[in-house]
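A short write-up of the structure that comes next.
The values are calculated or read from the model by the stated rules, or taken from the named source; none is laboratory data. What you see is a predicted model, and the numbers here were worked out from it, not measured in a lab. Cβ sites come from the backbone with ideal geometry, for glycine too, and all protein chains shown count toward neighbours.
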């Protein structure tokens, strides 16, 4: 049987990194086996605080950013659509009626007030909370319904509940953990169809996975506690059971489930910060999966497709290490084509006001020329910092001094000034550099280094005592890319202006 897997997000907001890890596992399994990767929108929870329609865009954007586009989904359609659950309500209602007819489900007319009262009483007694099956007996249920009709003059709304077996056990076979046994008496009668006609996860998931031919269900192991209810729905409807795979929970450094208290968890935040797709895929895959190479952490996407297997998944929680992600992302930034990194960095510089946005098509030629000059300047300095970036968003801090209008003492690091502007040869150094740099026939890294070394020899000082005052005078700081690459990127005019300003004021 050809593998068919599905990613089934709910539009409750921007997707969590844990959800995207599941999607990546689905995609890798499909690509490894030559199967199909589906995406299905589970939008049946219409609670105002949980239903976030615009979250659909973030879901789509996240999949596109990672480059793991589904073979079938609500965007492109497919042979087993629609791929949006709110468009399949009639199908769920038909199966709910089938379950009622077979005795595997029943209608429940209990009010919210009664359910809340039951929950409070159970909590007071220290008992597990759950429905008390008040409406499960058919005769009692019908008598209650007639009584309400007579009292209220209208048929009350109802939900459909699963008639969970009261004895015996339900066994779930998990491809990672093996057989897991649940006592039926400890499970409550789950709502399958709500009073508004929308299904809950258990009914919709079973129906859709059957009709869409899903062979493997990959979902976080926090779903294990409710697994017996889903298994019973599959059995009651006579559906073939797919293979269940529950990758381990992602936790923070404190070993608790990853949440906002550990740092950002929404996937779009990582995109906004400039984490590359290949870094995110590599990092997230290793949160719960191993290729068997204990010391290896960097894998290309083709390598992950080739080596991925369910057998490599762990049952132990995986720690989300933000520092490791930064290290990994820095590696992929350095390995990337320069043009790609330039293109990713430019929007950050525009947003920070360091360079203007592209001029409109009908802009004057002079405006277009100015923009091209600034764009070329930005390209030069981005390339200087590519080796130092851990995230693309860092570019504004790393290149800020290139765009900053330095006017001593404004923009200069006080400690750097105190240390290097007090050297006795500063005045002579600045004068000689201004003259030498102004006279250079070509503004190249090699020419700048040769001229500066000659000045140091002429002054009779160590080269470091030339390098550091020059860096502070031209950048306002003591750290940065190589000095001569920095001077080259700044350009002759900026370098001379900054040297002259320091010469006049210090």
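Rundown of residues vs (1) under 28 Å from residue 263 (Cα atoms); (2) surrounded by fewer than 22 Cβ atoms within 10 Å (Cβ to Cβ); (3) out of contact with any helix residue (DSSP H, G or I) (no Cβ under 7 Å at 6 or more places or on another chain); (4) free of Cβ contacts under 8 Å to residues at least 60 places away in the same chain, yes/no style:
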| residue | (1), (2), (3), (4) |
| --- | --- |
| 7 | yes, no, no, no |
| 10 | yes, yes, yes, yes |
| 21 | yes, no, no, no |
| 26 | yes, no, yes, no |
| 30 | no, no, yes, yes |
| 34 | no, yes, yes, yes |
| 37 | no, no, no, yes |
| 42 | yes, yes, no, no |
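So which helices (runs of 4 or more DSSP H) stay within the stretch 383-440 end to end and still have 2 or more residues that are touching a strand residue (DSSP E or B) at 6+ places or on another chain (Cβ under 7 Å) and farther than 20 Å from residue 464 by Cβ?
Ranges flagged: none.
Of all the numbered requirements in (1) loosely packed, with under 15 Cβ neighbours inside 10 Å; (2) under 30 Å from residue 461 (Cβ atoms), residue 370 misses one, and that requirement is (2). Kindly indicate whether any position in the stretch 358-379 is over 24 Å from residue 266 (Cα atoms) and in the same structural domain as residue 252 (by TED's automatic domain parsing). For the stretch 358-379, residues over 24 Å from residue 266 (Cα atoms) and in the same structural domain as residue 252 (by TED's automatic domain parsing): absent.
Among the residues of the stretch 87-104, those identified as exposed (fewer than 13 other Cβ atoms within 10 Å of the Cβ) and touching a residue at least 24 places away in the same chain (Cβ under 8 Å) are 102, 103. Screening 291, 264, 236, 253 for residues that are modelled with pLDDT under 95 and either on the phi > 0 side of the Ramachandran plot or over 21 Å from the mean Cα position of the chain (by Cα) (or both) leaves exactly one candidate, 291. Suppose the filter is closer than 18 Å to residue 10 by Cα and without any contact (Cβ under 8 Å) to a residue 12 or more places away in the chain; does residue 259 pass it? Answer is yes for this residue. The number of residues in the stretch 190-201 that are outside any strand (DSSP E or B) and either modelled with pLDDT of 95 or more or touching a strand residue (DSSP E or B) at 6+ places or on another chain (Cβ under 6 Å) (or both) comes to 6.
Inside the stretch 417-443, can you point out the residues that are surrounded by 13 or more Cβ atoms within 10 Å (Cβ to Cβ) and either within 20 Å of residue 380 (Cβ to Cβ) or not assigned by TED's automatic domain parsing to the domain that holds residue 486 (or both)?
Once the filter is applied, which keeps residues that are surrounded by 13 or more Cβ atoms within 10 Å (Cβ to Cβ) and either within 20 Å of residue 380 (Cβ to Cβ) or not assigned by TED's automatic domain parsing to the domain that holds residue 486 (or both), the stretch 417-443 yields 437, 440, 443.
The single residue among 107, 119 that is surrounded by 13 or more Cβ atoms within 10 Å (Cβ to Cβ), farther than 28 Å from residue 23 by Cα, without any contact (Cβ under 8 Å) to a residue 24 or more places away in the chain and outside the structural domain of residue 51 (by TED's automatic domain parsing) turns out to be 119.
Tallying residues that are assigned to a loop (DSSP other than H, G, I, E, B) and under 30 Å from residue 384 (Cβ atoms) within the stretch 290-345 yields 7. Taken over the stretch 216-233, the criterion of being over 16 Å from residue 180 (Cα atoms) and more than 26 Å from the chain's Cα centre (by Cα) is satisfied by 233 alone. Among the conditions (1) at pLDDT below 95; (2) surrounded by 14 or more Cβ atoms within 10 Å (Cβ to Cβ), residue 382 misses just one, which is (1).
Quick check: anything in the stretch 453-462 part of a helix (DSSP H, G or I) and in contact with a strand residue (DSSP E or B) (Cβ under 7 Å, 6 or more places away or on another chain)? Steps first, please.
As a first pass, look at the stretch 453-462 and keep what is part of a helix (DSSP H, G or I): 453-459.
From what is left, the residues that are in contact with a strand residue (DSSP E or B) (Cβ under 7 Å, 6 or more places away or on another chain) are none.
No: the stretch 453-462 contains no residue that is part of a helix (DSSP H, G or I) and in contact with a strand residue (DSSP E or B) (Cβ under 7 Å, 6 or more places away or on another chain).
Okay, residues lined up against (1) outside any loop (DSSP other than H, G, I, E, B); (2) in the same structural domain as residue 309 (by TED's automatic domain parsing); (3) touching a residue at least 60 places away in the same chain (Cβ under 8 Å); (4) in contact with a helix residue (DSSP H, G or I) (Cβ under 8 Å, 6 or more places away or on another chain):
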site: 204; (1), (2), (3), (4): yes, no, yes, yes
site: 225; (1), (2), (3), (4): yes, no, no, no
site: 233; (1), (2), (3), (4): yes, no, yes, yes
site: 271; (1), (2), (3), (4): yes, yes, yes, yes
site: 275; (1), (2), (3), (4): no, yes, yes, yes
